[in-house]
Each structure stands twice: as C-alpha cells, then as structure tokens.
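Before any comments, here is the structure.
The values are calculated or read from the model by the stated rules, or taken from the named source; none is laboratory data. In this text the structure is predicted, and so the values were computed from the model without any measurement. As a convention, Cβ positions derive from the backbone with ideal geometry for all residues, glycine included, and neighbour counts pool all protein chains shown.
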Amino acid sequence: MSRSTIRDDEGARHELHRATAAQLLHALEEGGALFVEVEGLGMALFERR
C-alpha cells in the first residue's frame, strides 16, 4: 500500500477500497493492534502486549 493511499484516507480525500482496508487492518493486527467495537461509541484501538 502506498503512502499516498494512506495519506489520502487520513485526509478524508477518499475512502479506501474494501480490499485495501482489509490489508491495512491485517497489517495493524499483525503488528499488535487490537480493534474492539464499543457500543454507542464505535471502534476502539488497543495495543496487545
């Protein structure tokens, strides 16, 4: 995934394609990120230890 793709998504220039978002999620989880749905608030991000 290119830096410009991430920069464009972070800058809300456009949404990621579903496949690109899945790749990014997988990479973050492999790196120790844990995503949890919090009812009424959305997603929370934690670091696995």
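Remarks
- Selection over the stretch 8-49 of residues that are hydroxyl-bearing (Ser, Thr, Tyr) and more than 10 Å from the chain's Cα centre (by Cα) gives a count of 0.
- With respect to the conditions (1) modelled with pLDDT under 90; (2) under 11 Å from the mean Cα position of the chain (by Cα); (3) of a type outside the set (Ser, Thr, Tyr), Arg3 lacks only one, and its number is (2).
- The stretch 24-37 residues that are at negative phi, paired with ones that are basic (Lys, Arg) (beta carbon under 8 Å, 6 or more apart): Ala33/Arg48; Leu34/Arg48
- Selection of the stretch 5-20 for residues being touching an Asp or Glu at 6+ places or on another chain (Cβ under 8 Å) and either in a helix (DSSP H, G or I) or surrounded by 11 or more Cβ atoms within 10 Å (Cβ to Cβ) (or both) yields Asp9, Leu16.
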